[in-house]
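Just below is one structure, and these are the notes that go with it.
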Amino acid sequence: MATAKQPMKRKRAGRPGQIGGSSSSFDQAIFDRICGSIAGGKSLREICKAAEMPARETFLRWVAKDEALALRYAEAQNLRAEHYFDEIIDIADKGVDPQKTRVQIDARKWVLARMNPKKYGEKLTQEVTGEGGGGAADSDRAFRRRPGRRSNSLTDGHLARTSAPRGTTWSAATRTPN
């Protein structure tokens, strides 16, 4: 009779900051070390894997409870973004394999754009052009002058839709039928 193997769960016994454990109390020195590592480019997940560090959930709970800690953590995250930006230059200057270099740079650019989209995100511009490459206002004027078109408050500046029969054209100056 074969039994299915149950996946083993890793226990984090004895680690400082263990959830529900007595060692999850706040420690300023550990918090400062974590923020320093984040500013140096490491991820919170990577830092909290170390045996002497608290669990990620514990660290995030510390940050959620204290606004000053949240500001310090946010500052560390901004410094990590600057670290990644500097790494891009180093990778580009020292890269031997062009394909590997491009992948490393693109990965860091993608992460930077997610960390701080205003500063590192793609700058998108949108341009509206009318018929014949002119401005949109020129195209709008041509549309307004089209004969046989019904009057519309959105296009002609009227406050209400007119009740004139189809095909009636209007004088722009007097707003009366021609």
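State which residue is surrounded by the fewest Cβ atoms within 10 Å (Cβ to Cβ) when the search covers only segment 1-54 and only residues that are modelled with pLDDT of 50 or more and β-branched (Val, Ile, Thr).
Applying the filter and picking the extreme gives 3.
At pLDDT below 75 and among the hydrophobic types (A, V, I, L, M, F, W, C): is that true of residue 112 in this structure?
Spelling it out, it is not the case that residue 112 is at pLDDT below 75 and among the hydrophobic types (A, V, I, L, M, F, W, C).
Take segment 85-102 and flag every residue that is surrounded by 11 or more Cβ atoms within 10 Å (Cβ to Cβ) and among the aliphatic types (A, V, I, L, M).
88, 91, 92
Report, by residue number, each residue of segment 86-109 that is at pLDDT 90 or above and among the small types (Gly, Ala, Ser).
92, 107, listed by residue number.
The values are calculated or read from the model by the stated rules, or taken from the named source; none is laboratory data. What you see is a predicted model; the values in this text were computed from it and never measured. Glycine also receives a Cβ, built like all others from the backbone with ideal geometry; neighbour counts cover every protein chain displayed.
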